[in-house]
Amino acid sequence: MKRGRGSREIATPQIEQAEPLLAWCGSTDPAWRTLLEAIPESLAPNIELLRCNDVSDWIAQCEPAKNIQLLVGLEHRNDHHALELLTQIAAPPTPKNTPQTASTTHRKKSSTTSRTRPKPNQSLAFAAVLGEDWQGHRRTFPLPDSLETFYWYQWFDGVLPWIQSRDLLPANNQQLSPRVGRIIDRSEQAKSILRAHLQQPSMQQPSMQLAAMPEPRTCWVLSDEPKSVALWQSLLEQYGVRTIGSLINDAWPTLQTDCIFYAPESRSAQAPVSVEPNPRIVSDLRSLRDEHPTSFIVLFHPFLRWNDWPIFHKSGADAIACPPCSLEGILTTCFLHR
């Protein structure tokens, strides 16, 4: 079964080229759907929604020359079908001229009833998005280092830049483990994407200034701590982004900015742990959205919970990130949504 969102139409390209395709195999409950709908149309005019049993047919139907990407959502650690699917796709191809011994022949016969393995496609890029149940899995439920993985809260600083970077070649850090090498590759790829939005006024003093806008973009940094405001301003200014810093309890500026970095303290030491999201954060997000309807609002929170995300999103947050996160990835996502 192949399903699409249906509300998006794929524009006919002026120049014939390999049309990128994106598919999602995982839950489509309201929380996951808000993440899927956050994928800009410029990245994926249409998203195919697949079941695990449909992935093999979908890969087979895709033309080898097309750039296809598959995201597999692992909501729980007992998602056995999804885990089996990822294992089959990630497994290296079996050599054609391998001599068959008695043991290999027996294994081949005994596996005739197993699930059909998806045929490898050289243009296929795939990754797993791990739900909240996978927290700390590297110690208790490790996945192969060869598998590209993102936690659900890395959707905006990791998954979206990963989709954007489909045309960029990896740096092939052969001396590092696959997982560490990919982290470095993603950082370099994100920087390359950002440089596409930037220009160098002179060869003697290259600087990162935004070229897509007639003037540098502006970002309002809002936090409880002065040190946090100063840190974010310093990082953003390295990319030529003009910043305005404020403390949450101070008077808020009335000007409209391109994006808002809202980084509140998660909770005070005296505050009890609650199953409900912090009401002050919810209230602030609603006020920010009402007063800044066109700004791209990013919520930075060190202890993001899955059940809080739909409420934060409904209150006004366009994106979330859990420090330490990729600033290059967040800025890439901001550019994609402008």
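The values are calculated or read from the model by the stated rules, or taken from the named source; none is laboratory data. Nothing here was measured: the structure is a model prediction, and the numbers come from that model. We place every Cβ from the backbone using ideal geometry, glycine too, and count neighbours over all the protein chains shown.
Close contacts from the range 27-47, counting a first residue that is outside the structural domain of residue 312 (by TED's automatic domain parsing) and a second that is modelled with pLDDT of 85 or more and hydroxyl-bearing (Ser, Thr, Tyr), with Cβ to Cβ under 8 Å and a gap of 6+ residues or different chains, come to 36/28. Evaluate the following for residue 287: is it surrounded by 15 or more Cβ atoms within 10 Å (Cβ to Cβ) and of a type outside the set (D, E, K, R)? Here the answer is no, as residue 287 does not meet what is asked. The residue pairs whose first member lies in the range 246-263 and is surrounded by fewer than 20 Cβ atoms within 10 Å (Cβ to Cβ), whose second member is at pLDDT 90 or above and of a type in the set (Asp, Glu), and whose beta carbons are closer than 6 Å, counting only pairs six or more residues apart or on different chains, are 248/224. Within the range 312-336, the only residue that satisfies the criterion of being surrounded by fewer than 15 Cβ atoms within 10 Å (Cβ to Cβ) and touching a residue at least 12 places away in the same chain (Cβ under 8 Å) is 323.
Kindly indicate which of 71, 35, 83, 43 is under 22 Å from residue 319 (Cβ atoms) and at pLDDT below 85.
Details: 71 fails: at pLDDT below 85; 35 fails: at pLDDT below 85; 83 fails: under 22 Å from residue 319 (Cβ atoms).
None of the other options fit; the residue is 43.
Within the range 47-68, being modelled with pLDDT under 85 and in a loop (DSSP other than H, G, I, E, B) holds for 62, 63, 64, 65, 66, 67. Residues that are assigned to a loop (DSSP other than H, G, I, E, B), at pLDDT 90 or above and of a type in the set (Ser, Thr, Tyr) within the range 287-338 comprise 294, 295, listed in sequence order. Selection of the range 224-245 for residues being part of a loop (DSSP other than H, G, I, E, B) and either touching a Ser or Thr at 6+ places or on another chain (Cβ under 7 Å) or in contact (Cβ under 8 Å) with a residue 40 or more places away in the chain (or both) yields 224, 225, 239, 240, 241. The set of residues in the range 223-244 that are surrounded by 14 or more Cβ atoms within 10 Å (Cβ to Cβ) and closer than 18 Å to residue 321 by Cβ comprises 223, 224, 228, 229, 231, 232, 233, 235, 236, 239, 241, 243.
In the range 124-154, what count of residues is obtained for those that are modelled with pLDDT of 70 or more and either more than 20 Å from residue 68 (Cβ to Cβ) or in a loop (DSSP other than H, G, I, E, B) (or both)?
Taking the range 124-154 first, the residues modelled with pLDDT of 70 or more are 124-135, 143-154.
Adding the requirement that they be either more than 20 Å from residue 68 (Cβ to Cβ) or in a loop (DSSP other than H, G, I, E, B) (or both) leaves 130-135, 143-148, 151-154.
The number of residues fulfilling the criteria is 16.
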